[in-house]
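Notes for the one structure printed next.
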Amino acid sequence: MINPLIFLYIGLGAATLYAIVFLLGTWISRRNAGIISRDSDQSGKWNYDQSTIRRRDRLLDESIAVDLLRTAEYGILSMTDVCGKAYGVPVNFAYDGDGHIYIHCAPDGRKLRAISSHPDVSFCIIGNTHVLPRKFTTNYESVICECVACAELDELERRRALELIIEKYASAFKETGLNYIDKSFHRTAVIRLDIISASGKSKSVTE
């Protein structure tokens, strides 16, 4: 008769081996995901990830999300300040088409102090909205970007960022805008948001 303890030892051994294989596979998967994320960030291609959106009928097409990044009038930058408190502010911005959002600000302030302490930020963009009172709902478009913020930019990148902002908001007055950049360059800071991932939602209901 075979000792029951032998079956117990075999079972424990198999369970241990399975756990080791599972943990090793998870670690390799996460490591590879990290490598892909870093490579994508270097090439300017960010991840448009809709997997966490519960309402699958509300998914916003990626091409529309990119168009909103290019054309939306403003966005909400959400941060964690130096005291650990939530801090959000509406800002004008320009998207460079290569995975980076640029914002200009004063050379000192709460935004710069916040991202210096906590560079992981969120950026929310609202597209077309329309309230439908009769149906107690709202048609909307929105994009939320997970980003890493950086304000340590060289002069060339800062100037190009300011030119992008002029091109977006005042293209008819570009020459005047470039002169204004020259005059105020020394007292203007620029924040770059490197987009890590983004998701978009929309709702369209007929009245």
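The values are calculated or read from the model by the stated rules, or taken from the named source; none is laboratory data. What you are looking at is a predicted structure, and each value in this text was computed from that prediction instead of being measured. Cβ coordinates were reconstructed from backbone atoms using ideal geometry, including for glycine residues, and neighbour counts include every protein chain displayed. These accessible areas exclude ligands, DNA and RNA; they are computed on the full protein's heavy atoms, side chains included. Shrake-Rupley method; radii C 1.70, N 1.55, O 1.52, S 1.80 Å.
State all residues of the stretch 52-74 that are over 30 Å from residue 164 (Cα atoms) and open to solvent by 80 Å² or more (accessible area, probe 1.4 Å); if no residue qualifies, say none. Explain how you work it out, then say what you get.
Quick first cut of the stretch 52-74, residues over 30 Å from residue 164 (Cα atoms) only: 52-58.
Residues satisfying the conditions are 52, 54, 55, 56, 57.
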Can you spot a residue in the stretch 106-129 that is touching a residue at least 60 places away in the same chain (Cβ under 8 Å), open to solvent by 40 Å² or more (accessible area, probe 1.4 Å) and among the hydroxyl-bearing types (Ser, Thr, Tyr)?
no
Step by step: first the residues of the stretch 149-195, then only those that are under 21 Å from the mean Cα position of the chain (by Cα) and open to solvent by 60 Å² or more (accessible area, probe 1.4 Å), then the one that is nearest to residue 66 (Cα to Cα). Which residue is that?
160
Report yes if residue 77 is buried (at least 16 other Cβ atoms within 10 Å of the Cβ), in a loop (DSSP other than H, G, I, E, B) and hydrophobic (A, V, I, L, M, F, W, C), otherwise no.
no
Could you check, for the stretch 48-63, whether at least one of its residues is assigned to a helix (DSSP H, G or I), modelled with pLDDT under 95 and within 15 Å of the chain's Cα centre (by Cα)?
yes
Does residue 87 satisfy being aromatic (Phe, Trp, Tyr) and within 15 Å of the chain's Cα centre (by Cα)?
no
So residue 133 passes all but one of these: (1) out of contact with any helix residue (DSSP H, G or I) (no Cβ under 9 Å at 6 or more places or on another chain); (2) without any contact (Cβ under 8 Å) to a residue 60 or more places away in the chain; (3) of a type outside the set (Asp, Glu); (4) within 20 Å of residue 69 (Cβ to Cβ). Which condition number does it fail?
(4)
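Check 75, 88, 84 and return the single one that is at positive phi and of a type outside the set (A, V, I, L, M).
84
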